[in-house]
Amino acid sequence: MPDKKKAAIGNVKPLDDDVHEVLQDALDTRYKSKESAEEDIKEAFNKIPRENIESVAAMLRDMAAEEMKAERWSDAVEHYTSVLAAHPSDHEVLANRCMAYLKMDMGQEALQDAALCVNLKPDWAKGYYRLGCALEMVKEWKDSAAVFAKVVEMEPGNVEASGRLIKAREMLQMVLNVE
């Protein structure tokens with residue numbers, strides 16, 4: 001892990017060497033199953049002093065954002081999952097991990113994150129948009145159309161949501177005509 005990651009983030013203390021080592025070990029997922037890696041992250045957050053939790057979470061968010069920019073979706077998912085070990089109710093992290101799952105064509109996983117995101121932040125249009133995209137991916141056209149309609153209601157100028165609403169309605173109509 002680069003030394004700059006050990007620096008203080010905002011008003012939070014810099015990471016000491018012990019915290020840095022615990023985190024580095026937990027983030028090394030090369031020879032671990034998904035479940036084992038998630039357990040290691042949870043254990044690492046339990047070992048990290050409270051005053052360092054925010055630094056670590058911020059660092060992991062930054063790492064995930066970099067992975068998203070580089071289109072390394074599975075690495076982004078790992079980092080977002082790590083943040084969620086410390087902040088399981090972070091709706092923005094859930095929405096971002098949902099986007100990574102969508103990019104990986106993992107509709108069910110995206111749907112779970114989007115649904116939780118909407119439950120946590122029911123007045124956030126972006127969460128509903130991601131939910132609509134996940135529903136679209138799993139071909140739930142009726143629900144997708146309803147969700148995109150809600151996004152358009154919340155943000156009338158959202159052209160992407162309007163386009164997806166039209167597509168979902170067209171797909172629903174095609175499915176109904178086939179049946």
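The values are calculated or read from the model by the stated rules, or taken from the named source; none is laboratory data. Computed from a predicted structure; not experimentally measured. These area figures cover heavy atoms from the full protein model, side chains too; ligands, DNA and RNA do not enter into them. Shrake-Rupley method; radii C 1.70, N 1.55, O 1.52, S 1.80 Å.
Before moving on, here are some points about what is shown:
- Rolled with a 1.4 Å probe across the full set of protein chains, the surface gives GLU39 an accessible area near 90 Å².
- Set LYS47/LYS126; LYS47/LYS150; LYS47/LYS139; LYS69/LYS150; LYS69/LYS167; LYS34/LYS167 screened for pairs whose C-alpha atoms are more than 32 Å apart: LYS47/LYS126; LYS47/LYS150; LYS47/LYS139; LYS34/LYS167
- Rounded to two decimals, the Cα radius of gyration of the range 93-159 over 2.2 N^0.38 Å is 0.99.
- C-alpha long axis of helix 125-137 to longest principal axis of the chain, angle in °: 70
- Between 0 and 90 degrees, the angle of helix 107-120 with respect to the longest Cα principal axis of the chain falls at about 80 degrees.
- For the chain, the normalised intensity computed at q = 0.17, 0.18, 0.20 Å⁻¹ comes to -1.01, -1.09, -1.24 (log10 of I(q)/I(0), Debye sum over alpha carbons, equal scatterers, no solvent).
- Axis of helix 141-154 versus longest Cα principal axis of the chain: the two differ by about 80°, to the nearest ten degrees.
- Residue-normalised accessible area of the range 70-128, expressed per residue, 1.4 Å probe, Å²: 46
- To the nearest 10, the accessible area of LEU120 is 70 Å² with a 1.4 Å probe.
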